[in-house]
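The values are calculated or read from the model by the stated rules, or taken from the named source; none is laboratory data. Not measured: the values here are computed from a predicted model. Positions of Cβ are backbone-derived with ideal geometry, glycine not excepted, and every protein chain shown enters the neighbour counts. Only protein heavy atoms, including side chains, enter the accessible area calculation; ligands, DNA and RNA are left aside. Shrake-Rupley method; radii C 1.70, N 1.55, O 1.52, S 1.80 Å.
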Amino acid sequence: MGYFVGMLIFLSPIWVNTIGIFYDIINYFFRNDINRYLLIRPLRDKHKKIIESAFTYYQILSEQNKKLFEKRVRKFIDMKKFFYRGDGGMVTLEMEALIAASAIQLTFGLPGVYFIHFRKIIIYPDDYYSAIYRRYHKGEVNQGLGIIILSWKNFLEGYTNASDGINLGIHEMSHALHLENKILNREYNFLNASVLEQWEKAADKELSKIQEGKSDFFRRYGGLNEFEFFAVAVENFFERPVVFYRYNREMYGLLSKLLNQDPAKKMTL
């Protein structure tokens, strides 16, 4: 008996590694199906009531897609650690539900993507001072530390006005998505490479227009660099899709292919 137990202890690391490798292989080839069909943990009732009452994107989904959205929100919450930074405050169910929903809003057409590199969500009550950049921020994504940082006040304001093209949650989650696509992990390279290349060429032209003051659609902040432009473009893609489509059908179409979503079509149904 002792010999048998000893052999199990000796072999267990080998079996653990083998199972881990097997899981990675299965996940790589079938991750979309795994995340679409094998999400068995339902969203907590309190979280569900919050997105039912406060998240417009969820409200206009079909009943089938609502159930899928709920499960993906639950999985995102379970995968992350939420921290509150501020006197007398704490992470609330509303924070968990709405921040997770903002991430799934972006990735709903990409069922295997949960920003696995970014394990921590840090929430400040308002604008906060960044010691790294030595200025006040509303939000940021730190690849080195694997964190997403958000000002709760500004996050809520982004969803209060859903048609101005300014939404902190979508903006920062767009940065996370853009970075996650390039990080070597099991979510690596999920954006269509050919479409992304076309997007980058089209974005370069629009960046120049913004920097020259010739763009009458995208705000000037999007002209800082390709990363900020992508985030600003995604904000407008979800908040002003019909106007975006009319302004530049090529860019809208490329972003629609990248995210596998078409909000302008929903708006005109």
Within region 87-131, of all residues that are modelled with pLDDT under 95 and closer than 25 Å to ASN260 by Cα, the one surrounded by the most Cβ atoms within 10 Å (Cβ to Cβ) is PRO111
When every residue in region 162-182 that is under 18 Å from GLN143 (Cβ atoms) and open to solvent by 20 Å² or more (accessible area, probe 1.4 Å) is compared, the one nearest to the chain's Cα centre (by Cα) is HIS175
Pairing a residue in region 190-208 that is closer than 19 Å to VAL113 by Cβ with any residue that is acidic (Asp, Glu), where Cβ atoms lie under 9 Å and the two sit 6 or more apart in sequence or on different chains, gives PHE190/GLU180
Checked pairs for region 239-266, first in contact (Cβ under 8 Å) with a residue 24 or more places away in the chain and in a loop (DSSP other than H, G, I, E, B), second surrounded by 15 or more Cβ atoms within 10 Å (Cβ to Cβ) and charged (D, E, K, R), C-beta under 9 Å and 6 or more apart or across chains, list as ASN248/GLU206
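Among the residues of region 184-216, how many are in a loop (DSSP other than H, G, I, E, B) and either in contact with a Cys (Cβ under 6 Å, 6 or more places away or on another chain) or open to solvent by 20 Å² or more (accessible area, probe 1.4 Å) (or both)?
Initially, region 184-216 is screened for residues in a loop (DSSP other than H, G, I, E, B), giving 184-192, 212-216.
Adding the requirement that they be either in contact with a Cys (Cβ under 6 Å, 6 or more places away or on another chain) or open to solvent by 20 Å² or more (accessible area, probe 1.4 Å) (or both) leaves 184-186, 188-190, 192, 212-216.
Adding up the residues that qualify gives 12.
Filtering region 150-177 down to residues that are of a type in the set (A, V, I, L, M, F, W, C) and part of a helix (DSSP H, G or I), which residue is farthest from SER256 (Cα to Cα)?
Let us first name the residues in region 150-177 that are of a type in the set (A, V, I, L, M, F, W, C), namely 150, 152, 155-156, 162, 166, 168, 170, 173, 176-177.
When the remaining residues are screened for being part of a helix (DSSP H, G or I), the result is 152, 155-156, 168, 170, 173, 176-177.
On the way: TRP152: 28, PHE155: 24, LEU156: 25, LEU168: 20, ILE170: 15, MET173: 16, ALA176: 18, LEU177: 14 Å.
So, considering only residues that are of a type in the set (A, V, I, L, M, F, W, C) and part of a helix (DSSP H, G or I), the one farthest from SER256 (Cα to Cα) is TRP152.
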(1) surrounded by 14 or more Cβ atoms within 10 Å (Cβ to Cβ); (2) within 22 Å of the chain's Cα centre (by Cα); (3) over 24 Å from PHE108 (Cβ atoms) all hold for ASN225 apart from (1)
Expected output for region 158-183 (first residue among the basic types (Lys, Arg), partner part of a loop (DSSP other than H, G, I, E, B), Cβ below 6 Å, 6+ apart or cross-chain) is none
GLU63 fails exactly one of (1) touching a helix residue (DSSP H, G or I) at 6+ places or on another chain (Cβ under 7 Å); (2) open to solvent by 40 Å² or more (accessible area, probe 1.4 Å), namely (1)
